[in-house]
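Heads up: the structure comes next, in structure tokens.
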Amino acid sequence: MMFLSIRQLMARKKQSLLILLGITIGSAAYVAISGMMLGFQTYILDQLVNNEAHIRISAREEILTAADMASYSEAAHVFWEIPPSGRKDSTRIEYPLGWFKKLDADKDVAAYSPQVVAQVIFTQNKITKVGRIIGSQYERQLKVTNIENYMKSGSFKDIGNSGNRLIMGTSLMELLGTRLQETILVSTGSAQPQMFKIVGTFETGIKTIDEGTAFVSLTDAQKLRNTPSEITDIAVKLFDPHHASIKAGLWKNSSRDKILSWQESSAAVLSVFKTQDIVRNSMTISIILVAGFGIYNILSILVNQKRRDVAILRSMGFSPKDIIKLFFNQGMILGFLGGAIGLILGFVICVIMSRIEVIPGRMSGPGNYMIISFDIIIYIKAFSIAIATAIISSIIPARAGGQLEPMEIIRSGGQ
Amino acid sequence: MIEIKNITKRFPNTPVPVLKGIDLKIEDGDFVSLVGKSGSGKSTLLYIISTLDHPTEGEVIYDSQNLKDFEQEEIYQLRNHNIGFVFQFHYLLAELTAIENILLPARKAKEVEKRRGFAMELIRIVGLEGKEHRFPGELSGGEQQRLAIARALVMEPKYLFADEPTGNLDSVNGKIIMDLFKKFNEEKGTTIIYVTHDIDFAAMARRRINLVDGVLE
Ligand SMILES: Nc1ncnc2c1ncn2[C@@H]1O[C@H](COP(=O)(O)OP(=O)(O)O)[C@@H](O)[C@H]1O
Ligand SMILES: [Mg+2]
């Protein structure tokens, strides 16, 4: 029946082309928009997942409340004029060795890195800037994050194990007006400020990190805080990042420390992704819906116009199945062709977009080009949507064609 | 041989049956005209004999095989290989050329290449030589009907059924059609049953069946 299907399609070039165009635009738009959004999302997600820990264990910031004060029993005869309130003094993980044992034994944990994270003030000449330092052992830290990939100068290893060497975000360096190999003053506010030498820079593309973070060795950070051998955080990398929130949930049950999966800490960004996905999908659905109705309409009209043809074909011995194929094929041809052309068009648009230079920042990847995803899944999905649309919108009119009774058509003179 | 036994046809919501217990035998190679007043049931009888319609009661038997015992697929095969139809309206497919229209039944039988030579011969016989690549819209009414006859004959069917094949044609073109029928009946032994209003055309048959008020006269 393919032969006849094609002939009937060709006989209505304008109609067929219009529908073809609809499906083509639908699938091309899906590929292009998905490529752009997913490219951006994967890049950001990669940073969220791999720049930071999959799970971060940190010291709980305990806030004193009136209830805490109740622990002083009546017998103690303690009376407060103004009860103490606010944050408890020391923030540290109470029993890190327990965690280390637990993490070493856990089969899902790929690596972990004990850290000291502290709010600090960077000072260079008269310029000061608030930020944070992360102190870690570089061998462990490099196993947990992919920070090395984002190094602009120097190597992450340059922080060493001691010696007050520091690596900072490029934006932070610009803000401070300082340069590589220069020394700056770092202060926690409570302990004595110390001099650190800048031995490297990094750029993740995430503004908050690049503008306010510096890495030092674990020992140097402990000295800076004046709390030797204490740690404030443990960054954990899992073999499968998707398990992070479940794992974090389990750990929460058996610990008083604060445990945060990357999903929780990036909840805001993830919800933006969700919105993007909804926009992307609803756009595609509406385009495809229009194309689907187009196929449905054209085939319904065609089946009606071709009643005489159906009658004569049936009298020649063609079966109802053959008649269904005659019409169904036409929808499928439009779906296949439209889908295929759409994929190619979408791909071309993606290639062009990936060559567009953008202002450095969130939309850009390394090299300041737009990040476009060429994930095969996008193309498979786009094609499947086109085919599914064609199937669904063709089957109903095609079956109506198959059910036409040749005798009734002939009796009515083919009208 | 086609044998019909005690055929009755009643349409829903009509009190009087159109056909009332008809018995008829059509021998292979027969050339039969079916006549009667308008509305007497000629078309109804023709379509029941030719498998397109079903009787309310009675049997239609092809070479001692009852149509009731046929699977649907066997009926389609029977139509494809053994039956040719010519209607009052030509029912050609507008998107296909003359030769492609003729070869449509061969397409169902997957014998397009095998039948192409014969199709070209038919084109010549029905006087459409040189017009095989024209579309139906580019042919006259007489030529269209001759094309439809060529299509009905391309599988060299045993039976040819025609319902007023000359009804839309002038007498000259009608005569050409009837001569073609006669030729195929005589040279190929095709069994032909045709409905007609024309007394002269009816007289060309070897046997004439007259239908009056749903019974054979
Ligand atoms: N589908 C139908 N429903 C009811 N009556 C019908 C139907 N088809 C045909 N008839 C009636 O059956 C009779 C015979 O019709 P037909 O076989 O077409 O006659 P003819 O071909 O001899 O002119 C007519 O009276 C016609 O009105
Ligand atoms: Mg009639």
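The values are calculated or read from the model by the stated rules, or taken from the named source; none is laboratory data. Everything numeric in this text was worked out from a predicted model, so none of it was measured. Backbone-built Cβ (ideal geometry, glycine too); neighbour counts: all protein chains shown. All accessible areas refer to the heavy atoms of the entire protein, side chains included, with ligands and DNA or RNA removed. Shrake-Rupley method; radii C 1.70, N 1.55, O 1.52, S 1.80 Å.
What to note about this one:
- Spin-label pair A:Lys143/B:Lys20, simplified geometry with 7 Å Cα→Cβ offset, distance in nm: 10.3
- Dipole of the range A:87-256 [Lys/Arg +1, Asp/Glu -1 at C-beta], most positive-end residue of A:Leu176, A:Leu238, A:Ser255: A:Ser255
- Integer Hz, Karplus 6.51/-1.76/1.60 couplings in order for the range A:138-151, x for Gly and Pro: 4, 4, 6, 4, 5, 6, 8, 10, 9, 4, 4, 5, 9, 5
- Point-charge dipole on Cβ atoms (K/R +1, D/E -1) for the range A:87-256, about Cα centre, debye to 20: 340
- Test item: B:39-49 mean partner chain Cβ contacts at 10 Å: 1
- Using just its DSSP H runs of length 4 or more, each adding -39500 (n - 2.57), chain B gives a mean residue ellipticity at 222 nm of -10500 deg cm²/dmol after division by all residues.
- Taking chain A and dividing mean pair separation by its residue count, relative contact order in percent (alpha carbons under 8 Å, at least six apart): 27
- Nearest-0.05 FRET efficiency for A:Asp108 and A:Ser229, computed from C-beta distance (R0 22 Å): 0.20
- The charge dipole of chain A, taken about its Cα centre with unit charges on the Cβ atoms of Lys, Arg (+1), Asp and Glu (-1) only, comes to about 1740 debye.
- With the charge dipole of the protein assembly as shown set up from +1 on Lys and Arg Cβ and -1 on Asp and Glu Cβ about the Cα centre, the Cα lying farthest toward the positive end among the listed residues A:Phe336, A:Gln137, B:Leu104 is that of A:Gln137.
- Couplings for the range B:208-217, taken from phi via the Karplus curve 6.51 cos²θ - 1.76 cosθ + 1.60 with θ = phi - 60°, read 10, 10, 10, 9, 10, 6, x, 10, 7, 8 Hz in order; Gly and Pro are left as x.
- Fluctuation leader among A:Ser282, A:Ser136, A:Ser315 - chain A, Gaussian network, Cα springs under 10 angstrom: A:Ser315
- Gaussian network model of chain A, Cα within-10 Å springs - most flexible of A:Val272, A:Val199, A:Val120: A:Val272
- Anchor A:Lys252: aspartates and glutamates whose Cα lies under 14 Å away (excluding residues fewer than 8 positions away in-chain): A:Glu264
- A 1.4 Å probe run over the protein chains yields, for the range B:2-216, 43 Å² of accessible area per residue, whole-number rounding.
- Dipole of the range A:205-335, positive direction: furthest Cα of A:Ile298, A:Gly212, A:Ser286, with charges on the beta-carbon: A:Ile298
- Placed amide H near B:Leu34: partners under 5 Å, 5+ positions off or other chain: B:Tyr194, B:Val195, B:Thr196, B:Ile209
- Database remark: amide H of B:Val86 closer than 5 angstrom to the amide H of B:Phe161, B:Ala162, B:Asp163 (H placed geometrically; neighbours at sequence offset of 5 or more, or on other chains; Pro and chain starts carry no H).
- Sum of -39500 (n - 2.57) over DSSP H runs of 4+, divided by residues of chain A (222 nm, nearest 500): -17500 deg cm²/dmol
- Accessible-area composition of the protein assembly as shown, carbon plus sulfur, in percent [1.4 Å probe]: 57
- Label-to-label distance, nm, for residues given as A:Ile127 and A:Glu357 (7 Å Cα→Cβ offset): 2.5
- The mean sequence distance of close C-alpha pairs (under 8 Å, at least 6 residues apart), as a share of the length of the range B:2-216, puts its relative contact order at 32 percent.
- Averaged over the residues of peptide A:403-410, the number of Cβ atoms from other protein chains lying within 10 Å of each residue's Cβ is 3.
- Area buried, chain A against chain B - accessible surface, total, 1.4 angstrom probe, square angstrom: 2300
- Computed from phi, the 3J(HN,Hα) profile of the range A:265-274 under the Karplus parametrisation 6.51, -1.76, 1.60 (θ = phi - 60°) reads 6, 10, 3, 4, 5, 4, 6, 5, 4, 4 Hz, with x in place of Gly and Pro.
- A cut-off of 5 Å between modelled amide H atoms, ignoring neighbours fewer than 5 places along the same chain, links B:Ile22 with B:Asn6, B:Ile7, B:Thr8.
- Per-residue shielding of B:91-100, expressed as the average number of other chain Cβ atoms within 10 Å of the residue Cβ, stands at 5.
- About the Cα centre, charge dipole magnitude for the range B:2-216 (Lys/Arg +1, Asp/Glu -1 at Cβ), debye: 160
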